[in-house]
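**Student:** Submitted below is the structure of interest, expressed as structure tokens.
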Amino acid sequence: MTGIELRSLRKTYSGNDVLHGLDLTVTPGEFLVLLGPSGCGKSTLMRMIAGLEAVTTGDILIDGRRVNDIEPRARGCAMVFQNYALYPHMSVSQNIGYALKVAGVPKAERQARISAVAGSLALTDFLDRKPSQLSGGQRQRVAMGRAMIRSPRVFLYDEPLSNLDAKLRVAMRLEIRRLHQKLGTTTVFVTHDQVEAMTLADRIVVMNAGRIEQVGTPSEVYQHPQSTFVAEFIGAPGMGLVDAIADPKRGVLCLGDGQEVRFDAARWPDLPHGAVRLGLRAEEIGITAHPSAHTVMARVELIENIGPHRHAHLSLSGCNLIAQVPNDFALQSGAQVAIGFDMAALQLFDPATGRRHAGQNVPLAERIAATV
Amino acid sequence: MIERTPVFDAIVQVLLVLSFVALLLPFWVVLVAASHDFHTVNQVPMPLLPGRHLFENLATAWEKGNFSRVMVNSLIVAIAVTAGKIALAAISAFAIVYFDFRLKKLAFWAIFITLMLPLEVRIVPTYSVAADVLAPFEAILNLTGLSVDLPQWSLLNSYSGLVLPLVATATGTFLYRQFFMTVPDELAEAARMDGSGPLRFFWDILLPLSRANMIALATIMFVFAWNQYLWPLLIITDQANFATATMQLQKVVPNGVWGEPPVWNTAMAANLIVLFPPVLVTLLLQRWFVRGLISAEK
Ligand SMILES: Nc1ncnc2c1ncn2[C@@H]1O[C@H](COP(=O)(O)OP(=O)(O)OP(=O)(O)O)[C@@H](O)[C@H]1O
Ligand SMILES: [Mg+2]
């Protein structure tokens, strides 16, 4: 199995830095997802790995071998494109078998391998059709077949599901995951859909403006975002952020509008007195009918019905928060409500740098005790 | 915007029919004139319905114009121009669209400028080059101080002379360039990932995709080459061997200088003969062309 290593990889387009020196290791057999907003350089990075884009400075190593100057075909990567890029004039079987034809594989062997791949992707009945006669999902599978047939060392997917409807997307997601479990091939998958990232990834690389913000397993990235960018980007909805002044001596966080919340200062022994940004997820905020010393008052701006529950958009001292509310909980927009936080899940960020204050891991018993 | 008013529709229909008739009228006159004997065709007014001497006249014209020889010449030239043009256009457009090389801009503009200089405009310099192909190279070498004497190589009175100057123009290149630019980049990248080099990509993917394009260009070029008149007239003095069909028309056309009465029926029959191949090619390829468009995969 194949590992990939990027060493201070930079990409410049006519003087504009698009990637600012990335370091990243993809371990053999891993399913790595590159996640980030549009234009952050995900495709560029993937295309550099594939060899379709030249490296400005830095190194790309595949299996420990520097491949900067090696042609795409010799790198052993197979790529699935966002719009599939099937050859329109070739039948499905010609599309799938083209790489073998170019490589000079004899016809009999080629046919056998095409049948095997088509069988595993349920494409056997469509082998003679042209791509224009296929549905989006079928085209997607042909594109995957074309990548699979070469038995590549690395699979590269560039937003392969973004042209499919919601239902098909879920189905193809499972299919891709299944394929990875079966073949165990090292995979790099680009998406800007974080649900896709969460469900598929062994590890997620969150990118922003040509930099890597955080690398971690889906739960690490979700529970311990290393920066406010990751906090807001990951999760649906993202983490709510509220500005406050921390007063560790008194163990309180003073909000902009004068309200105070008690917090577990012991978790952040090194926290200085000063500005912080609180990070809270929707499910960690409770709306209660009974104001107390542990709650603060917020205004309900808007209520969104999600299905299993509702999202209440709150305004707390001028900052926006989203709280998850059960469907049967009576609530009106415009109302002032009391909200309490799951203090064990609270994250603190440095507003100047956007980085997370690390703090200490709190034992479970204490976490439960600290919960309001 | 599509109009849905009946009156407007009717007007458009009438206009369409009128222009169609106006377009066909000359052809009808040619056909009618070619089908009467010498006396009938010279009556005033000429009859407007076809007569019964068409094949007779065709045979006379065929004989008189030496068409069994010159039709072959024209076919050779038209086919060679068409094939050469398609090959040159596809390859040069491929270079311009898919490769980054030094002087690419210069190459592009050099090709572009030939669009503005059709053969008729530069006919004198083109003739002098055709008369001595190596002369420009000799002149350039002499400029650098080297005094060389290259052998004389003339294209006058040869098939190459009839073909090459017509091949070397930019129209086809631009047609192909426009087409190649509509081919998604991902297709080229997918082919690269599949291990195919540039030539393989050109042959396996670009050429099959450009079939409709190729047929359209072939139609245009065949007719264009077949209809050439001035250039063949200029460079072919050995008319017994290298005359083309269009050149031959002037010999069949009535000559009033010696007071002979114009032989319109034979002349028009010769017209029909010369008209036939390009019309046939257009009809045949048009069908393919349309079929190519209908089954065009996106
Ligand atoms: N050929 C190019 N020339 C100049 N700039 C480019 C080129 N290709 C990409 N860029 C720039 O590089 C940046 C990153 O582009 P990239 O396609 O990698 O983004 P992305 O993360 O894949 O976005 P998306 O999610 O929209 O696909 C963008 O700002 C883009 O404008
Ligand atoms: Mg992209």
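**Student:** Got at least one residue in the range A:16-25 being touching a residue at least 12 places away in the same chain (Cβ under 8 Å), within 14 Å of chain B (Cβ to nearest Cβ), more than 19 Å from A:Ser151 (Cα to Cα) and away from ligand 2 (no atom under 16 Å from the Cβ)?
**Tutor:** So the first thing to find is which residues in the range A:16-25 are touching a residue at least 12 places away in the same chain (Cβ under 8 Å), and the list is A:17-25.
Narrowing the set further to residues that are within 14 Å of chain B (Cβ to nearest Cβ) leaves none.
The answer is no, given that none of the residues of the range A:16-25 is touching a residue at least 12 places away in the same chain (Cβ under 8 Å), within 14 Å of chain B (Cβ to nearest Cβ), more than 19 Å from A:Ser151 (Cα to Cα) and away from ligand 2 (no atom under 16 Å from the Cβ).
**Student:** Being at pLDDT below 90 and among the β-branched types (Val, Ile, Thr) is the filter here, so list the residues in the range A:141-169 that pass it.
**Tutor:** none
**Student:** Can you tell me how many residues in the range A:81-110 are within 23 Å of A:Ala50 (Cα to Cα) and of a type in the set (Gly, Ala, Ser)? Give the steps one after another, and end with the answer.
**Tutor:** Residues of the range A:81-110 within 23 Å of A:Ala50 (Cα to Cα): A:81-88, A:94-105.
Cutting the leftovers down to of a type in the set (Gly, Ala, Ser) gives us A:85, A:97, A:99, A:103-104.
Residues in the range A:81-110 being within 23 Å of A:Ala50 (Cα to Cα) and of a type in the set (Gly, Ala, Ser): 5 in total.
**Student:** Okay, next question. Here is a list of conditions, (1) within 16 Å of ligand 2 (Cβ to nearest atom); (2) touching a residue at least 12 places away in the same chain (Cβ under 8 Å), and A:Tyr13 meets all of them except one; can you say which number that is?
**Tutor:** (2)
**Student:** How many residues does the range B:117-129 contain that are touching a residue at least 40 places away in the same chain (Cβ under 8 Å) and not in a helix (DSSP H, G or I)?
**Tutor:** The number of residues fulfilling the criteria is 3.
**Student:** Filter the range A:228-237 for residues that are modelled with pLDDT of 90 or more and within 14 Å of the chain's Cα centre (by Cα) and give the result. Write out each step before concluding.
**Tutor:** Here is the first cut: in the range A:228-237, the ones modelled with pLDDT of 90 or more are A:228-234.
Correct list: A:Phe229, A:Val230, A:Ala231, A:Glu232, A:Phe233, A:Ile234.
**Student:** Which one of the conditions (1) within 14 Å of chain B (Cβ to nearest Cβ); (2) farther than 20 Å from A:Glu175 by Cβ; (3) under 35 Å from the mean Cα position of the chain (by Cα) does A:Asp69 fail to meet, given that it meets all the rest?
**Tutor:** The one condition A:Asp69 does not meet is (1).
**Student:** Shifting gears a bit: Where residues in the range A:12-38 are exposed (fewer than 14 other Cβ atoms within 10 Å of the Cβ) and under 14 Å from A:Thr191 (Cβ atoms), which of them is nearest to ligand 1 (Cβ to nearest atom)?
**Tutor:** A:Ser38
**Student:** Can I ask one more? I'd like the residue in the range A:163-205 that is among the polar types (S, T, N, Q) and in contact (Cβ under 8 Å) with a residue 60 or more places away in the chain and, out of all such residues, is farthest from ligand 1 (Cβ to nearest atom). Reasoning before the result, please.
**Tutor:** Step one: list which residues in the range A:163-205 are among the polar types (S, T, N, Q), which gives A:163, A:181, A:185-187, A:191, A:194, A:199.
Checking which are in contact (Cβ under 8 Å) with a residue 60 or more places away in the chain leaves us with A:163, A:185-187, A:191, A:194.
On the way: A:Asn163: 12, A:Thr185: 22, A:Thr186: 20, A:Thr187: 17, A:Thr191: 8, A:Gln194: 12 Å.
Here the residue is A:Thr185.
**Student:** On to the next question. Those residues that are of a type outside the set (Phe, Trp, Tyr) and in contact (Cβ under 8 Å) with a residue 40 or more places away in the chain, I need them from the range B:92-107; list them, please.
**Tutor:** B:Ser92, B:Ala93, B:Ile96, B:Val97
**Student:** Which residue is farthest from ligand 1 (Cβ to nearest atom), if the candidates are limited to the range A:80-96 and must be outside any loop (DSSP other than H, G, I, E, B) and of a type outside the set (Gly, Ala, Ser)?
**Tutor:** Per the stated criteria, the residue is A:Gln94.
**Student:** Which residues, counting only those in the range A:151-162, are within 18 Å of A:Arg47 (Cα to Cα) and away from ligand 1 (no atom under 16 Å from the Cβ)?
**Tutor:** So in the range A:151-162, the residues within 18 Å of A:Arg47 (Cα to Cα) come out as A:152-162.
Answer for the range A:151-162, where residues must be within 18 Å of A:Arg47 (Cα to Cα) and away from ligand 1 (no atom under 16 Å from the Cβ): A:Pro152, A:Arg153, A:Val154, A:Phe155.
**Student:** Let me ask you something else. I need the helices (runs of 4 or more DSSP H) fully contained in the range B:130-194, keeping only those with at least 3 residues that are surrounded by 12 or more Cβ atoms within 10 Å (Cβ to Cβ) and more than 14 Å from every other protein chain (Cβ to nearest Cβ).
**Tutor:** Working: elements: B:135-143, B:159-167, B:171-182, B:185-193.
It comes to B:135-143, B:159-167, B:171-182.
**Student:** Let me ask something else. Can you find, within the range A:206-229, the residue that is farthest from A:Asn305 (Cα to Cα) among those that are within 16 Å of ligand 1 (Cβ to nearest atom) and not in a strand (DSSP E or B)?
**Tutor:** Only one residue fits best here, namely A:Gly210.
**Student:** Looking only at the range A:23-65, which residues are in a strand (DSSP E or B) and touching a helix residue (DSSP H, G or I) at 6+ places or on another chain (Cβ under 7 Å)? Can you show your working first?
**Tutor:** Step one: filter the range A:23-65 for residues in a strand (DSSP E or B), giving A:23-26, A:31-35, A:57-62, A:65.
Hits for the range A:23-65 are A:Phe31, A:Val33, A:Leu34, A:Leu35, A:Ile60, A:Ile62.
To keep it simple, each residue is scored yes or no on (1) of a type in the set (A, V, I, L, M, F, W, C); (2) on the phi < 0 side of the Ramachandran plot; (3) within 14 Å of another protein chain (Cβ to nearest Cβ); (4) within 16 Å of ligand 2 (Cβ to nearest atom).
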{"position": "A:Pro88", "(1), (2), (3), (4)": "no, yes, yes, no"}
{"position": "A:Ile96", "(1), (2), (3), (4)": "yes, yes, yes, no"}
{"position": "A:Lys101", "(1), (2), (3), (4)": "no, yes, yes, no"}
{"position": "A:Ala143", "(1), (2), (3), (4)": "yes, yes, yes, yes"}
{"position": "A:Arg153", "(1), (2), (3), (4)": "no, yes, yes, no"}
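**Student:** If you don't mind, another one. Any residue in the range B:91-105 that is at pLDDT below 90 and part of a helix (DSSP H, G or I)?
**Tutor:** yes
The values are calculated or read from the model by the stated rules, or taken from the named source; none is laboratory data. The structure displayed is predicted, hence computed values, not measured ones. Quick reminder, even Gly has a Cβ in these numbers, built from the backbone with ideal geometry, and neighbours come from all protein chains shown.
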